[in-house]
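The values are calculated or read from the model by the stated rules, or taken from the named source; none is laboratory data. These figures come from a predicted structure and were not determined experimentally. No Cβ is skipped: glycine too gets one built from the backbone with ideal geometry, and neighbour counts run over all protein chains shown. Ligands, DNA and RNA are stripped out before the accessible areas are found, and what is left, the full protein with its side chains, is counted by its heavy atoms. Shrake-Rupley method; radii C 1.70, N 1.55, O 1.52, S 1.80 Å.
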Amino acid sequence: VQLQASGGGLVQAGGSLRLSCAASTMIVNINDMAWYRQAPGPQRELVAAIRSGGNTNYADSAKGRFTISRDIAKNTVYLQMNSLKPEDTAVYYCAASVGLLDYWGQGTQVTVSS
């Protein structure tokens, strides 16, 4: 499974961005897809996830501001990010779980200026 993330950029605090993650396979065959982020440092944190059945979950920091969704016909998962804060600045990675295997996209930089 190949994942292509896009949509990052520079935005002012309070602004919005929509990230896209295009998968090389039918996403209905993927157990879970998720967005992670990594600020400078070793830890990568889960931001939002969507299961094959459509259930979603979010990090506390993302609840009420971010929305994960998918377009099955386009094999694409989105992360709509609103009310962005400087602390949202990070490289955002798309991930997919297929059986026991995890796949990662290349990451897209999101920078929120104050």
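Quick notes on this one:
- Matching residues, the range 83-100, being open to solvent by 60 Å² or more (accessible area, probe 1.4 Å) and either assigned to a strand (DSSP E or B) or farther than 26 Å from SER113 by Cβ (or both): LEU100
- Scanning the range 47-60 for residues that are touching a residue at least 12 places away in the same chain (Cβ under 8 Å) and under 21 Å from VAL112 (Cβ atoms) yields VAL47, ALA48, ALA59.
- Count of the range 1-54 residues which are closer than 16 Å to ASP102 by Cα and in contact with a helix residue (DSSP H, G or I) (Cβ under 8 Å, 6 or more places away or on another chain): 7
- Which numbered condition GLY14 misses (of (1) at positive phi; (2) surrounded by 15 or more Cβ atoms within 10 Å (Cβ to Cβ)): (2)
- Test: residue in the range 69-76 that is among the hydroxyl-bearing types (Ser, Thr, Tyr), within 16 Å of TYR36 (Cβ to Cβ) and at pLDDT 95 or above: no
- Residue that is under 11 Å from the mean Cα position of the chain (by Cα) and modelled with pLDDT under 95, where the choices are GLY41, GLY54, GLY107: GLY107
- Restricting attention to the range 44-82, the residues being surrounded by fewer than 13 Cβ atoms within 10 Å (Cβ to Cβ) and in a loop (DSSP other than H, G, I, E, B) number 6.
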